[in-house]
1. Within the range A:125-153, take every residue that is more than 12 Å from chain B (Cβ to nearest Cβ) and without any contact (Cβ under 8 Å) to a residue 12 or more places away in the chain and give me the one that is nearest to the chain's Cα centre (by Cα).
2. Test each condition in (1) within 12 Å of DNA strand D (Cβ to nearest atom); (2) surrounded by 15 or more Cβ atoms within 10 Å (Cβ to Cβ); (3) of a type outside the set (A, V, I, L, M) for B:Gln87 and report the one that comes out false.
3. Tell me the residue from B:Ala144, B:Ala153 that is within 19 Å of A:Ser166 (Cβ to Cβ) and either of a type in the set (A, V, I, L, M, F, W, C) or touching a strand residue (DSSP E or B) at 6+ places or on another chain (Cβ under 7 Å) (or both), please.
4. Please go through the range B:103-124 and pick out each residue that is within 14 Å of chain A (Cβ to nearest Cβ) and more than 13 Å from the chain's Cα centre (by Cα).
5. Being away from chain A (no Cβ under 14 Å), closer than 24 Å to B:Ala109 by Cβ and within 13 Å of DNA strand D (Cβ to nearest atom) narrows it down to one residue among B:Glu56, B:Glu38; which is it?
6. What number of residues within the range B:143-173 satisfy the criterion of being outside any helix (DSSP H, G or I) and farther than 17 Å from B:Cys106 by Cα?
Number of protein chains: 2
Amino acid sequence: MADGIVERSRPRDRILETARDMFHKHGIKGVGVDAITEAAGTNKMTLYRHFESKDELIVECLRANAAKAGAMWEAFEAEFPGDKLAQLHAWVRKAAAMLNADGRGCDMANAAAELTEPDHPARLVIKELKEAQRARLVTLCRDAGIGQAELLADTLSLLFEGARVSVQTVGTEGPSTQFVRMAEGLIVSFRGAAAG
Amino acid sequence: MADGIVERSRPRDRILETARDMFHKHGIKGVGVDAITEAAGTNKMTLYRHFESKDELIVECLRANAAKAGAMWEAFEAEFPGDKLAQLHAWVRKAAAMLNADGRGCDMANAAAELTEPDHPARLVIKELKEAQRARLVTLCRDAGIGQAELLADTLSLLFEGARVSVQTVGTEGPSTQFVRMAEGLIVSFRGAAAG
DNA sequence: CTAGGGTGTTACCGGTCTGTAACTTCCAGA
DNA sequence: TCTGGAAGTTACAGACCGGTAACACCCTAG
């Protein structure tokens, strides 16, 4: 249970953490603000004093997710300082671990599936954050000395993204079981190809 | 506009087609039964005479989608009778075309993102239909003479699935532009490896 | 012509949703 | 101790949701 969130911290933080957790588990349209505030040990008025609408809360949750993902990249650098290839392998292991964490896919992808209005504020930040993540993976591949860094980064991205939705549709026993094998094979293959 | 659906056909068919279209465009929780029946040129009572609940309508829509996808496979066989490798390349082309068709991802994946209750009837048919599609692609790869048919089929599946969600999050100008290149490269690579 | 089933129409039920108003309580800092 | 702002409480507005009841209609098969 995520009740640890309800312990004494500021209401805004509790709301944000609880909303992230509930949006992740039940989807955005599957959770009402009443349920969020109750689970966060507060009430609706307090939510609307800190967030001007549910949509803004959604956006803040997505940004918080991205911040947590950013911390992951820093952890790679801390664990393998300067060794970009090791960091790339660490990314693969981390990605595989996320596949088995729970049956839910990427929060941003799920949000994009739910929020279909083309000008929804969340869609802008999703695009922005996904592009930032892609840029980060491209940089990592390039710094690891891989020739076609963009192509490898994009391939790994699509494989991971696909594996996450595969887990969500057919479970952890489907094609996603081969993710590590595919990813490692690709890295080997791209490293074998001449750089340039 | 999908108004052609509203032309004279039986109410049940119009409802099914309209619901498929609207679920695809706006998501499942984003469309109410009233909106569906109105767009289908009928009314709510008629819907509930043909479908016992919205959930059952959802399931029928997913099955109809799968049926349409099944017709696609038959088209491949009709176009390249017996030439399984050509059919595999046709699948790649078809997949790429779907990426650029509209900004929405796979209906089953989107439904799985929205319907989070573990025992929702739609989740069962999604798993069933996705597994059937996977089996079909594996068979095609095997019949095309590829050694590690399961691994290639799974890799292509994940790439395609990932490309669809990528289109939904960052648009058609993102990593999905490389899909054909990745897929064709994989096929070449797997054909190069010894069969067995 | 007639009977009956499929369809359309209207109204409604109970519930849930986002968002707001008005008021009370609490607590920290001066 | 006093005060001001943050937080809690209750009630409500207005809209929408899935689903149902009761009744009128129309068109086709016999």
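Rule-based calculations on the coordinates, nothing more; no lab input. What you see is a predicted model; the values in this text were computed from it and never measured. Virtual Cβ from ideal backbone geometry, glycine too; neighbours counted across all protein chains shown.
1. Ranking the candidates gives A:Thr139 first.
2. (1)
3. The conditions single out B:Ala153.
4. Scanning the range B:103-124 gives B:Gly103, B:Ala113, B:Glu114, B:Leu115, B:Thr116, B:Glu117, B:Pro118, B:Asp119, B:His120, B:Ala122, B:Arg123, B:Leu124.
5. The conditions single out B:Glu56.
6. 6
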